[in-house]
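A.B. asks: Mind looking over this structure? Questions follow.
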Amino acid sequence: MTTSEPSLAVEIAAAASSKSCHSIDAPVSGGDRGAKNGTLAIFTGGEESVVKRLQPLFSLMGKVNYMGGSGKGQFAKLANQITIASTMVGLVEGMVYAHKAGLDVGLYLDAISTGAAGSKSLDLYGQRILKRDLGPGFYVNHFVKDLGICLKECQNMGISLPGLALAQQLYVSLRAYGEGNLGTQALILVLERLNNVSLAPAIASS
C-alpha cells in the first residue's frame, strides 16, 4: 500500500505469481483524516478477482478503485500526486496574493470554496494554513519522494510536466530548510519566503 515505482509492483507481482501467490498494488490517498475516518481512496492494480476477494478488508479503510493490471494502482497514485502538487501551489499562491491585496484571507477562502476554485485541498488545508497548523497529514519528505518517482516516470514516458517539476523543486526547498517532517500544506512557507511576507497576522482577522 506504499507508493513506489510501478515497475516494482509488476516485479513483485511476477515474483508472487511464481510462488503461486498474489500481489496487489494498492496505494492510497486521503491523508490522516481519510485514514482515521475510513474514507481513503484506494488505487488497486493486479488481478481483479483478487481485488474483489480483498474488498471486505479494503472497505474498512475506504473506497476501492480498480485501475487495471499490476502497476496500474501505482500509476494512478502518481497521477493523483501530480494533481495535488499543482493544486497546492495554486492554493498557497492565491492565499499570498489575497493577503498582499489586503483581503481577509479567511473570508477569501470561504468565498472561493463553493466556486470553481474550490477543491479538496482547500477544504482540508485552507484553514489549517491560516491557523498555522502545519503538522503532517502527509509528510513533505514522503511527498518529495513521490514527486521524484513521478519525474522519473515522466522521463521514462518521454513527457514534460512543468507544473510537476516546479512543485517538486518548491517542496525540495522545504526539505532543505529542515521542514521535511511538516505537512504538505507547509508549502505556504516557501511562498512567504519568496515574497518576504507572512500570513501569520491573517489569523487575528479571520
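The values are calculated or read from the model by the stated rules, or taken from the named source; none is laboratory data. Fair warning: this is a prediction, and the values are worked out from it, not measured in the lab. Cβ atoms come from the backbone with ideal geometry, glycine included; neighbour counts cover every protein chain shown. The accessibility values were calculated without ligands, DNA or RNA, using every heavy atom of the protein model including side chains. Shrake-Rupley method; radii C 1.70, N 1.55, O 1.52, S 1.80 Å.
A.B. asks: Quick one: count up the residues across region 92-114 that are touching a residue at least 60 places away in the same chain (Cβ under 8 Å) and either open to solvent by less than 10 Å² (accessible area, probe 1.4 Å) or not acidic (Asp, Glu) (or both). Break it down stepwise before answering.
C.D. replies: So in region 92-114, the residues touching a residue at least 60 places away in the same chain (Cβ under 8 Å) come out as 92-93, 95-96, 99-100, 104-107.
Adding the requirement that they be either open to solvent by less than 10 Å² (accessible area, probe 1.4 Å) or not acidic (Asp, Glu) (or both) leaves 92, 95-96, 99-100, 105-107.
So the count comes out to 8.
A.B. asks: Taking region 169-188 as the search range and keeping residues that are closer than 13 Å to residue 125 by Cβ and part of a helix (DSSP H, G or I), which one is farthest from the chain's Cα centre (by Cα)?
C.D. replies: Applying the filter and picking the extreme gives 188.
A.B. asks: Against the definition (farther than 30 Å from residue 185 by Cβ and outside the structural domain of residue 154 (by the TED database)), how does residue 12 come out, yes or no?
C.D. replies: yes
A.B. asks: If residue 2 satisfies all but one of (1) farther than 30 Å from residue 192 by Cβ; (2) at pLDDT below 95; (3) surrounded by 19 or more Cβ atoms within 10 Å (Cβ to Cβ), what's the number of the condition it fails?
C.D. replies: Looking at each condition in turn, residue 2 falls short on (3).
A.B. asks: Give the residues of region 83-103 that are among the aliphatic types (A, V, I, L, M) and under 13 Å from residue 184 (Cβ atoms), sorted by residue number.
C.D. replies: Selection gives 84, 85, 88, 89, 91, 92.
A.B. asks: Moving on to the next point. When only residues in region 15-34 that are open to solvent by 60 Å² or more (accessible area, probe 1.4 Å) and in contact (Cβ under 8 Å) with a residue 12 or more places away in the chain count, which is farthest from the chain's Cα centre (by Cα)?
C.D. replies: Only one residue fits best here, namely 22.
A.B. asks: Considering only residues that are touching a residue at least 24 places away in the same chain (Cβ under 8 Å) and of a type in the set (A, V, I, L, M, F, W, C), look in region 44-62 and name the one that is surrounded by the fewest Cβ atoms within 10 Å (Cβ to Cβ). If you could, list the steps in order and put the result at the bottom.
C.D. replies: We begin by selecting, within region 44-62, every residue touching a residue at least 24 places away in the same chain (Cβ under 8 Å); these are 44-47, 50-51, 54, 58, 61-62.
Restricting the remaining residues to those that are of a type in the set (A, V, I, L, M, F, W, C) gives 50-51, 54, 58, 61.
Values: 50: 13, 51: 21, 54: 16, 58: 20, 61: 19.
Ranking the candidates gives 50 first.
A.B. asks: Now for a separate question. Answer yes or no: is there a residue in region 59-70 that is in contact with a Leu (Cβ under 6 Å, 6 or more places away or on another chain), over 27 Å from residue 11 (Cβ atoms) and part of a loop (DSSP other than H, G, I, E, B).
C.D. replies: No, region 59-70 contains no residue that is in contact with a Leu (Cβ under 6 Å, 6 or more places away or on another chain), over 27 Å from residue 11 (Cβ atoms) and part of a loop (DSSP other than H, G, I, E, B).
A.B. asks: Related question: Is at least one residue of region 135-153 in a loop (DSSP other than H, G, I, E, B) and either β-branched (Val, Ile, Thr) or more than 14 Å from the chain's Cα centre (by Cα) (or both)?
C.D. replies: Checked region 135-153: at least one residue is in a loop (DSSP other than H, G, I, E, B) and either β-branched (Val, Ile, Thr) or more than 14 Å from the chain's Cα centre (by Cα) (or both).
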